[in-house]
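**Q** Quick one: structure below, then a few questions.
Please treat every number below as a calculation from the coordinates, not as lab data. Everything numeric in this text was worked out from a predicted model, so none of it was measured. Positions of Cβ are backbone-derived with ideal geometry, glycine not excepted, and every protein chain shown enters the neighbour counts.
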Ligand code: B16
Ligand code: MG
């Protein structure tokens, strides 16, 4: 894999674990609306955009466009409140060392997150200096599993897709990376990310020597 010149990291589940805050915010909205919502339901929303998540949460319940938009905004307001306290201590173990090693190897780094709050989270984690580019929920129209977000990231790094490795914890993200023609490192169980060329249980387990050759 010596042709690799860039890494594109997903955010939630790879750099930090914001899934718990997404859960608390969706749960609060579901309680407001009298809709049932469990942790298992939340796991289906991993890597899924805000609007697509809300559709899944509503489980077919019919609502007006205005009510839908208001609910999406309300969930986000709850979420933004939860992530106010994010600090460097919220980095997943070992990830900072990986970012440092990639930098020392001269490899470019991008974020490739579905979240429109990605910049706020990166700022809270205080790791902005490691990123040559941030592609987030506002960068492209088609969300994962479409390849658009990762192609946007590669283009902004000035690299070809085949020169990039994507690190993803969501099934939709692994599909997006593969559809973009990139090498994918899946984080999590094989049932979820087994389609990726490499798989590790935790992001800190990534063996860069093995992946980069
Ligand atoms: P927002 P990722 C994703 O982040 C989350 O996994 C997913 O739960 C969330 O709905 C999505 O971002 C959109 O987030 O509402 O903040 O725009 O894994 O792509 O970094
Ligand atoms: Mg993720």
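**Q** For the chain, what relative contact order do you get, as a whole percent, if you take Cα pairs closer than 8 Å and at least 6 residues apart? Write out the running numbers ahead of the final one.
**A** On the way: 363 pairs, mean separation 55.8, N = 213.
It rounds to 26 percent for the chain.
**Q** Output the relative contact order of segment 27-117, whole-number percent, from Cα pairs under 8 angstrom with separation of 6+ residues. Numbers along the way, then the final one.
**A** On the way: 29 pairs, mean separation 29.2, N = 91.
Here the relative contact order equals 32 percent.
**Q** How big is the Kirkwood radius of segment 137-184, worked out from every pair of different alpha carbons and given in Å to one decimal?
**A** 10.3 Å
**Q** Continuing with this model, one more query. May I have the pair-distance distribution P(r) for segment 1-157, computed from all Cα-Cα distances with 10 Å bins from 0 and rounded to whole percent?
**A** 10, 38, 33, 15, 4, 0
**Q** Quick one: what do you get for segment 116-213 if you divide its Cα Rg by 2.2 N^0.38 Å?
**A** Values: Rg = 13.3 Å, N = 98, 2.2 N^0.38 = 12.6 Å.
Cα Rg divided by the expected 2.2 N^0.38 Å: 1.06.
**Q** Okay, helix-only estimate at 222 nm for the chain: each DSSP H run of n ≥ 4 adds -39500 (n - 2.57), divide by all residues, round to 500 deg cm²/dmol; what do you get?
**A** On the way: 10 runs with 93 residues, N = 213.
Taking each H run of at least 4 residues, the total per residue is -12500 deg cm²/dmol.
**Q** If you average the alpha carbon positions of segment 11-42 and of segment 166-213, how far apart do those two centres end up, in angstrom?
**A** Each part reduced to its Cα centre gives a spacing of 23 Å.
**Q** Over the residues of segment 68-159, compute the C-alpha Rg and express it relative to 2.2 N^0.38 Å. Intermediate values should be presented prior to the final figure.
**A** On the way: Rg = 14.6 Å, N = 92, 2.2 N^0.38 = 12.3 Å.
Normalised by 2.2 N^0.38 Å, the Cα Rg of segment 68-159 equals 1.19.
**Q** Here's another thing I want to ask about it. Using the Cα gyration tensor of segment 3-65, with a ≥ b ≥ c the square roots of its eigenvalues, what is the shape: rounded (a/c below 1.5), prolate (a/b larger than b/c) or oblate (neither)?
**A** Working: a/c = 3.31, a/b = 2.09, b/c = 1.58.
Judged from the Cα gyration tensor, segment 3-65 comes out prolate (a/c at least 1.5, a/b above b/c).
**Q** If you take the Cα Rg of segment 20-112 and divide it by 2.2 N^0.38 Å, with N the number of residues, what do you get?
**A** 1.38
**Q** What does the highest-first list of 191-201, 35-45 look like by mean Cβ count within 10 Å? Each step should come with its number before you reach the end.
**A** Values: 191-201: 16.0, 35-45: 13.9.
Put in order of decreasing packing, that is 191-201, 35-45.
**Q** In square nanometres, what is one fourth of the surface area of the convex hull spanned by the alpha carbons of segment 156-213? Before the final figure, lay out each step's value.
**A** Working: hull surface 16.0 nm².
Over all viewing directions, segment 156-213 projects a mean Cα-hull area of 4.0 nm².
**Q** Roughly what % of DSSP beta bridges within the chain run antiparallel, to the nearest 5?
**A** Approximately 5 percent, going by the DSSP bridge assignments.
**Q** Here's a follow-up. With a ≥ b ≥ c taken as the square roots of the eigenvalues of the C-alpha gyration tensor of segment 103-155, please select rounded if a/c is under 1.5 and otherwise prolate if a/b is larger than b/c or oblate if it is not? Please list the in-between numbers first.
**A** Numbers: a/c = 3.04, a/b = 1.30, b/c = 2.34.
Taking the square roots of the gyration eigenvalues as a ≥ b ≥ c, segment 103-155 is oblate.
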